[in-house]
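Remarks on the structure that follows.
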Amino acid sequence: MPQKIVHPLAPIADEESRVLILGTMPSPKSRERGFYYGHPQNRFWRVLALLFGEEPPTTEEDRTALLKGHRIALWDTLFSCTIEGASDASIRDPVPNDVAGLLKTFPGIRAVFTTGQTAKRFYDRLILPQTGREATVLPSPSPANARMSLSDLLEAYRVLLPPLEEEPENGNLS
C-alpha cells in the first residue's frame, strides 16, 4: 500500500566534502535503522570500503567516518514522496530536497553522482534546473540490482576517485 514519506535523515556533508552522492529516498529498512543504505543486502558500504581498501563499516559512526574520511557527502534527491515499500518505480508526488542549498553551503563539492537511474531522473527533472550541475549516474547498489556483481559495481564506482583526488587550483576549491 502506498505511503506518504517525508525524508527522515539529514545530509552527511562538511566543508571537506568534494563529491556528493544522491540516492532517491531511504528504503523502509534504512528509515527503520535511521541511516542511509541500511538494508543488510545493500552493497553501497561494501563497494565504498573496497574502493578505498578498507573493511566494510558496520556502525553508523564508522559509515560516517568512511564518508568524511574520503570527502564524500551523502543525501537523497527527494524530500518527500508517495511510495510503495522500497519500490522506486512506485514513486508519485515527488518533492525534491534542497540540493542547490547544500551545494551553496559546501562549495567544495565538485562532482554530483546519483545511485541509480531513478535518482538521476528526479535529479535531472527537479534539481538540475536549480543547480545547473550535471550529475553522473552510478549503478544502484540495491539488492534489487542483482544483475550487477560486486566487482562490476566496484569498477563502476571508480568514477568517484578523480574528483576526490584532484587538488584545488591556487588554493581555490572551484
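Here are the numbers for the structure shown:
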{"item": "Where only alpha carbons of the range 20-113 are counted, the Rg and the Dmax (Å)", "result": "14.0, 40"}
{"item": "Pair residue 79, residue 133: separation of 7 Å Cα→Cβ label points (nm)", "result": "1.8 nm"}
{"item": "Computed [θ] at 222 nm, helices only, for the chain once each DSSP H run of length n ≥ 4 contributes -39500 (n - 2.57)", "result": "-7500 deg cm²/dmol"}
{"item": "Amide H within-cut-off set for residue 39, under 5 Å, with H built and near neighbours excluded", "result": "30"}
{"item": "Of all DSSP beta bridges in the chain, antiparallel share, percent nearest 5", "result": "45 percent"}
{"item": "Amide H contacts under 5 Å for residue 97, placed H, 5+ residues apart", "result": "78, 79"}
{"item": "Pairwise label distance in nanometres, residue 31 with residue 6, each label 7 Å out on the Cα-Cβ vector", "result": "1.2 nm"}
{"item": "Karplus-derived HN-Hα couplings along the range 118-134 (A = 6.51, B = -1.76, C = 1.60, θ = phi - 60°), whole Hz, x at Gly and Pro", "result": "5, 4, 5, 4, 5, 4, 4, 7, 9, 10, 3, x, 7, 8, x, 10, 5"}
{"item": "More than 31 angstrom apart: percent of Cα pairs within the chain", "result": "9 percent"}
{"item": "Count of Lys pairs (Cα-Cα under 22 Å; at least 8 positions apart or interchain) in the chain", "result": "5"}
{"item": "Mean Cβ neighbour count within 10 Å, used as a protection proxy, ranking 145-158, 84-97 highest first", "result": "84-97, 145-158"}
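All of the numbers you see were taken from the coordinates with simple rules; none came from a lab. All of these numbers come straight from a predicted model, not from anything done at the bench. Glycine also receives a Cβ, built like all others from the backbone with ideal geometry; neighbour counts cover every protein chain displayed.
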